[in-house]
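Working notes, structure below.
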Amino acid sequence: MIYLIDDKKKRQQQDFEWTHERLLELDNVIQPIYSIEELEERSKEIFQKQNIVLYHESFLDNTLKAGIADRKRQKLEDFAGQNEGFQLAIFSGSKQSRSIESNVAYLPVAMVYQNLELLCKRHINGNNDLRYLLFGENPEIELELAEKLDQALKTLGESNAKIPGKNLFLRPVKGFIQNAVENADVQTLHNTVSDEKLSQNIEEWLSGVEYDNIFVPLCFGKTLSDFNGLRFATHIRCTPTKNQSANIFIYGFVGIDSLLNHEYFNILKTKGVRLVGFSKKAFEKAVDFQVDSISIQEVAKEVLKLKLELPKNHDDSHSVTNEWAIQRWASAIGVDADNEIGEVLKNVESNLYFKYLRAIHPVNASTRIPASRLEIRKVGNPKILLIDDEADKGWCEIFDSLFGRFDGIYFDYLGYDFRNFSNRQIIEQCYAKIENEDIDVVILDFRLSQGDFFADKPESITSIELLRKIKAFNPGIQVIVFSASNKVWNLQALQIAGADGFVQKAVGENVNEAILELVDLMNDSLKKAGWLKRVNKGFKRIERLTVGYQDQFRNNLRNNFSICFDMLAQSFVEKKYLNYAYLQLYLCIEEFLKNKDVFQYGDKCYVNRNIKVAQKIDERSWNSSISYNPQTGGTPSFYSYAEHTGEVHIGTDYKVSAILILLFNQDTSDCYNWPNIRDVRNRKAAHPEKSIVTNDEIMEILDFLEILFDQGKRALKPKIGLADGIEEESLKALREKFGGKKY
Amino acid sequence: MARSKYDFIRELLSDKKIRPNQRERILKLAAKEIGNDGTLEERISVVENFLFNQRATSEDTQRKLEEPSSPGSQKLQDSSSDQSTNLPDYRDPSNVYKFLLAYNQNEILKSTCHDIDSDELDIIKGYCNTDEYNFELHFAKIMEAYESLEKRDFGLTYIKALIRGYLTGKGFKGEPLNPGWSGDRIVMNWSHPDLIKWCNDNRGFPPSPSEGLVEKNEKVGFEFSMFTSNMSGKPIQTFSELVIHFKHMFHVRRDNSLLDIISHANEKNGWADKIMFEIDHNNFPKNIELFADVDKLVQCYNGILDLIIENHGGSTEQKPNVRLSLCQSTHSVQLSIHQLDTIYGKSLTDTVERGIGRSYGNLIKKRVNGTCNLTLKADFGQGDFARVNLWDGKPSEAEKLDSFSGVEHILEFPKM
């Protein structure tokens, strides 16, 4: 544990921004102590070998307890002397130097708070080296640089450098050169070195006056070895200001060999940028030798030499790509930057990598996509859901702008709190939303959690698991995968899992293409979803009606539905698949009729095993309880409840009609659209080369199946079939009547 | 005659340039004189002496006016030495320690030797009774606190002059210090017009902000034309750096260690070209704390090295071999400058009985007195090894040693 013993609470919280909340976040590794009472009370836990104690040298100075505090400090020093594992750092506001002797360090207060987070991180990993507190990430280098700076400051030279033209001299907040360049404008670079801050500096200092030469310190910010001067010079070159092509002199007290591995080293390879010595004379000399100034036209070419790479860290990379894509998409679509997306756009505006990308791929107003091309053709009142762990960073606004502006389109998103959830929780939350809200189209980010970056196989990636679950729930829901990833194995895995489309979070020149692709895909998806979801719901309802049916029948039914669904999905590509889908559904009727409980075929035919519907008289003739009525004019053929003796064709139409008339107690089979369904099957579906089945016809046959399979819809009192008791006598009479064979 | 002298006293007392504490002292001395044995003229003569001297050489006479001799102090008994009569009265260096410690710990004066953070700012606003930092009020409080401290402790003319220079840019009589205060001739001070103008232009913000406050507000504080510190060789160009520099002028501690100070003095004066130093860091700890007049301390150190080189005869082929060490006891800190390869130039008897010669005399008079005590440990030749207290307010005495090699000068800085 690290114990931070400092009574100067305001200094801690305000000056160094170590607020109560920030300390609380790290309370598993650091404990602040503000009073002597607390120090006394926790003495036992503090005086432990593996602890680190950071002690304000003047703890409770100028109070009545100063003496006790001083003795406590002495006790800590003694304890440190006896226990090598125990680390003690004594800090003060009036200390200017950093030193360490064995396990006791002495340092200025600013260093403590500057490097405290780093010390905490190291301590968590079992590293108690106090040098990280004194010198930051690279103790050896930092110490060497600090000594070099001290030395360099002693040999600056007296008179200021006389350099022709308009000059801007930038200096660090500490260890700066005063009056370095005669008549130069002077600005101070403070310790905050975020891209946002540096961009702000450039905006303030380089937008107005046009300079010939800009002098940038190689070392500024909290850590000398960060060599922020290289980064700042890169910022200047990548930021479109009137000083973008000014000569840049980076002045430092180390040679170029110390900078070779720096991320922004390439800036020194570009024209118009030079590393110069840390003295006034060196400035004068450098300007004399500067001959490779560049013009504004050459800037882009020079910037290309920088060859900046995406940040190596996965998290950053993910975030960087996302933000860059958001900026590009927002710009192409024309999203207002007055809400949450503004933060992202601001970051993209100031982030050096983005600046670099913009310098390479400039965006201009002409790349804006016309609103007419972004039109969404909705069917009904569709519901779109975005699932993206970075949804709230701007994507939700972009999609809301794309889809939400159309009346009747519901748009919502999930993802802002995914980082607090496990993969399982993410999937459950999304699934519940899709089910409860009856979502039609899901825009799904490929990577939804940090764990997805380290998944062994694509199948275990959260989005793929979720995709499978969505498709199992209702394959009619359209899922468009939306991701920065374009790896083949990812695409393959997504396709196998049932993704309906893929749109890349494009960042390059193909942003507009990707947006238009998404719009087209969305139009297709809305059309598909509206129809396929309904079909699938119908399937589900029908399946539920067959709960008591034989397993084999049910399995066949499921297979048929599955094939049918694929064909219906395929029909969006080739219409003839509608016909095949229809035939597949018709097959379900035929399969149904094969069940002896439904229709028993033989010399005597029964419906529901107990209603005799037909009895064979001889090879050519039957006695039937229903009689055929041929087509007349516009009325299709049908059967009616009337006994008939003669030629009978006991096919699907007969069987279905018998069921409808006898079991459903109908007068004719011209009910529930059956004659039409039968005719569509025979005249259209079977002949795709001639005509195509319509979606309505598909729905009609589905509705019919739902009625046919629903035992609850059958009449409580079915109609009476052929009488059983007089069977032999009747047959004899009928044979005589029709001249049949005598027995 | 007597009348005129009384008039003189009256005139002197009415002189506006005489400060209250000096006036008080004059009255005491006059009263004492009048009550003493001897003629009135003789008594007045003593007073007159003090007064004339006070006008002629402000530093010494002011000390005499303000500071009674320490009870134990007396001039070295060496009638044969032509220098001994010119030796000053002994000034106890522990007073410096006490005074500087009190200065450093004073709640208000602390802000003149520490940069100002948010907590300190609250304290200042508290005793200034304002919601916003106000330099004018702050400085008034500083002067009030300092004058009170100045009155409380007698003597210490040099250190008080130094602090007055730092705070006001002026001497005791209000005369501008030209070219500046301290050995660095520092022009900038708490009353400098440029500083006051800056404070007027930057109301609410202290001129000497801490690093945290600088970052938080993105304001460096008050800046002025750079000067290079004599003590460290580092450039001083902000007021925050100046207050820390000022602290370093009297507070020796780890980040302003005597080792660093002496190393810089060696580098600056090129001592290493003339002397072979031997410094064992174990015997020269950096963590020893001390309140002392660092400028004077360095002058003492340089003075001793001058003596060593002078006695060595200027041979560059064979440099004198000098071991430096530092140690502390409960009551003092001792800096040892030990020339290993020599014997003392005078016999032990001469050293003790004939007193201090011209070179030591000047060193003591100008540098050592009031800064530290000086002790000599040496091989005096002829089998005489001894320790002699050259300057500590007591008569010089020899403490025989069984053996000793070389000549060691010990600068002792008493703490109490």
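The values are calculated or read from the model by the stated rules, or taken from the named source; none is laboratory data. It should be emphasised that the depicted structure is a prediction, and the values quoted were computed from it without experimental measurement. We place every Cβ from the backbone using ideal geometry, glycine too, and count neighbours over all the protein chains shown.
Only residues that are of a type outside the set (Val, Ile, Thr) and outside any loop (DSSP other than H, G, I, E, B) were counted across segment A:582-612, and they come to 18. The residues of segment A:546-581 that are over 30 Å from A:LEU521 (Cα atoms) and not in a helix (DSSP H, G or I), listed by number, are A:THR546, A:VAL547, A:GLY548, A:TYR549, A:GLN550.
Can you find even one residue in segment A:541-560 that is under 25 Å from the mean Cα position of the chain (by Cα) and β-branched (Val, Ile, Thr)? Show your work before the answer.
Within segment A:541-560, the first condition is being under 25 Å from the mean Cα position of the chain (by Cα), and the residues that meet it are none.
So far as segment A:541-560 goes, no, none of its residues is under 25 Å from the mean Cα position of the chain (by Cα) and β-branched (Val, Ile, Thr).
Residues in segment A:121-130 that are under 39 Å from the mean Cα position of the chain (by Cα) and either surrounded by fewer than 19 Cβ atoms within 10 Å (Cβ to Cβ) or at pLDDT below 90 (or both): A:LYS121, A:ILE124, A:ASN125, A:GLY126, A:ASN127, A:ASN128.
Just to confirm my filter: which helices (runs of 4 or more DSSP H) fall fully inside segment A:412-524 and include at least 1 residues that are within 28 Å of A:ILE333 (Cβ to Cβ) and free of Cβ contacts under 8 Å to residues at least 12 places away in the same chain? Step through it out loud before you land on a result.
Values: elements: A:423-437, A:462-473, A:488-497.
Per the criteria, A:488-497.
How many residues, within segment A:396-411, are part of a helix (DSSP H, G or I) and of a type in the set (D, E, K, R)? Before you say what the answer is, go through the steps one by one.
Let us first name the residues in segment A:396-411 that are part of a helix (DSSP H, G or I), namely A:396-404.
Narrowing further to those that are of a type in the set (D, E, K, R): A:397, A:400.
Residues flagged as part of a helix (DSSP H, G or I) and of a type in the set (D, E, K, R) within segment A:396-411 amount to 2.
Among residues that are within 14 Å of chain B (Cβ to nearest Cβ) and either farther than 24 Å from A:LYS346 by Cα or not in a loop (DSSP other than H, G, I, E, B) (or both), A:VAL216 is not included. Scanning segment A:562-586 for residues that are in contact (Cβ under 8 Å) with a residue 24 or more places away in the chain and under 32 Å from the mean Cα position of the chain (by Cα) yields A:PHE565, A:LEU568, A:ALA569, A:PHE572. Against the conditions (1) in contact with a helix residue (DSSP H, G or I) (Cβ under 9 Å, 6 or more places away or on another chain); (2) over 18 Å from A:ALA484 (Cα atoms), A:GLU390 satisfies every one except (2).
Take A:LYS594 and decide whether it is at pLDDT below 95 and touching a strand residue (DSSP E or B) at 6+ places or on another chain (Cβ under 8 Å). When the stated conditions are applied, A:LYS594 does not pass them. How many residues, within segment B:276-309, are in contact with a helix residue (DSSP H, G or I) (Cβ under 7 Å, 6 or more places away or on another chain) and not hydrophobic (A, V, I, L, M, F, W, C)? So the count comes out to 7.
Determine whether segment A:124-146 contains at least one residue that is touching a residue at least 60 places away in the same chain (Cβ under 8 Å), among the polar types (S, T, N, Q), more than 9 Å from chain B (Cβ to nearest Cβ) and assigned to a helix (DSSP H, G or I). Full working, then the answer.
Going residue by residue through segment A:124-146, those that are touching a residue at least 60 places away in the same chain (Cβ under 8 Å) are A:124, A:128, A:130, A:133, A:136-138, A:141-142, A:145-146.
Adding the requirement that they be among the polar types (S, T, N, Q) leaves A:128, A:138.
Among the residues that remain, those that are also more than 9 Å from chain B (Cβ to nearest Cβ) are: A:128, A:138.
In the following step, the residues that additionally are assigned to a helix (DSSP H, G or I) were identified as none.
No; the residues of segment A:124-146 include none that is touching a residue at least 60 places away in the same chain (Cβ under 8 Å), among the polar types (S, T, N, Q), more than 9 Å from chain B (Cβ to nearest Cβ) and assigned to a helix (DSSP H, G or I).
Within the option set A:GLN114, A:GLN151, being under 30 Å from A:LEU24 (Cβ atoms), assigned to a helix (DSSP H, G or I) and either touching a residue at least 24 places away in the same chain (Cβ under 8 Å) or more than 13 Å from every other protein chain (Cβ to nearest Cβ) (or both) holds for one residue only, A:GLN114.
A:GLY252 passes every criterion in (1) under 38 Å from the mean Cα position of the chain (by Cα); (2) buried (at least 22 other Cβ atoms within 10 Å of the Cβ) apart from (1). The set of residues in segment A:33-56 being without any contact (Cβ under 8 Å) to a residue 60 or more places away in the chain, under 19 Å from A:LEU119 (Cα atoms) and surrounded by 19 or more Cβ atoms within 10 Å (Cβ to Cβ) consists of A:ILE33, A:ILE46, A:ASN51, A:VAL53, A:TYR55, A:HIS56.
Under 29 Å from A:THR192 (Cα atoms) and surrounded by fewer than 22 Cβ atoms within 10 Å (Cβ to Cβ): which single residue out of B:GLU211, B:GLU215 fits that description?
Within the list B:GLU211, B:GLU215, the selection yields B:GLU215.
Go through the residues of segment A:249-258 one by one and say whether even a single one is out of contact with any Ser or Thr (no Cβ under 7 Å at 6 or more places or on another chain), part of a loop (DSSP other than H, G, I, E, B), of a type outside the set (A, V, I, L, M, F, W, C) and in contact (Cβ under 8 Å) with a residue 60 or more places away in the chain. No, every residue in segment A:249-258 fails to be out of contact with any Ser or Thr (no Cβ under 7 Å at 6 or more places or on another chain), part of a loop (DSSP other than H, G, I, E, B), of a type outside the set (A, V, I, L, M, F, W, C) and in contact (Cβ under 8 Å) with a residue 60 or more places away in the chain. Only residues that are of a type outside the set (Gly, Ala, Ser) and within 14 Å of chain B (Cβ to nearest Cβ): list them for segment A:154-168, please. Of everything in segment A:154-168, those that are of a type outside the set (Gly, Ala, Ser) and within 14 Å of chain B (Cβ to nearest Cβ) turn out to be A:LYS154, A:THR155, A:LEU156, A:GLU158, A:ASN160.
Quick check on my filter: what residues within segment B:86-119 are facing chain A (nearest Cβ under 9 Å), in a helix (DSSP H, G or I) and over 20 Å from the mean Cα position of the chain (by Cα)? Within segment B:86-119, B:SER118, B:ASP119 qualify. Taking segment B:126-231 as the region of interest, the helices (runs of 4 or more DSSP H) fully inside it that hold 1 or more residues being away from every other protein chain (no Cβ under 14 Å) are B:135-152, B:157-168, B:193-201.
So, of the residues in segment A:96-111 that are among the small types (Gly, Ala, Ser) and at the interface with another protein chain (Cβ under 9 Å from one of its Cβ atoms), which turns out to be surrounded by the fewest Cβ atoms within 10 Å (Cβ to Cβ)? Walk me through it before giving the result.
As a first pass, look at segment A:96-111 and keep what is among the small types (Gly, Ala, Ser): A:97, A:99, A:102, A:105, A:110.
Filter once more, keeping what is at the interface with another protein chain (Cβ under 9 Å from one of its Cβ atoms): A:97, A:99, A:110.
On the way: A:SER97: 17, A:SER99: 15, A:ALA110: 24.
Checking each candidate, the answer is A:SER99.
Among the conditions (1) more than 10 Å from chain B (Cβ to nearest Cβ); (2) part of a loop (DSSP other than H, G, I, E, B); (3) among the polar types (S, T, N, Q), the only one that A:GLN187 does not satisfy is (2).
What do you reckon, is B:SER210 in contact with a Leu (Cβ under 7 Å, 6 or more places away or on another chain) and not acidic (Asp, Glu)? Spell out how you get there, then give the answer.
Numbers: in contact with a Leu (Cβ under 7 Å, 6 or more places away or on another chain): no; not acidic (Asp, Glu): yes.
Here the answer is no, as B:SER210 does not meet what is asked.
Looking across segment A:175-185, just one residue is crowded, with 22+ Cβ neighbours inside 10 Å and within 10 Å of A:PHE220 (Cα to Cα), and that is A:PHE176.
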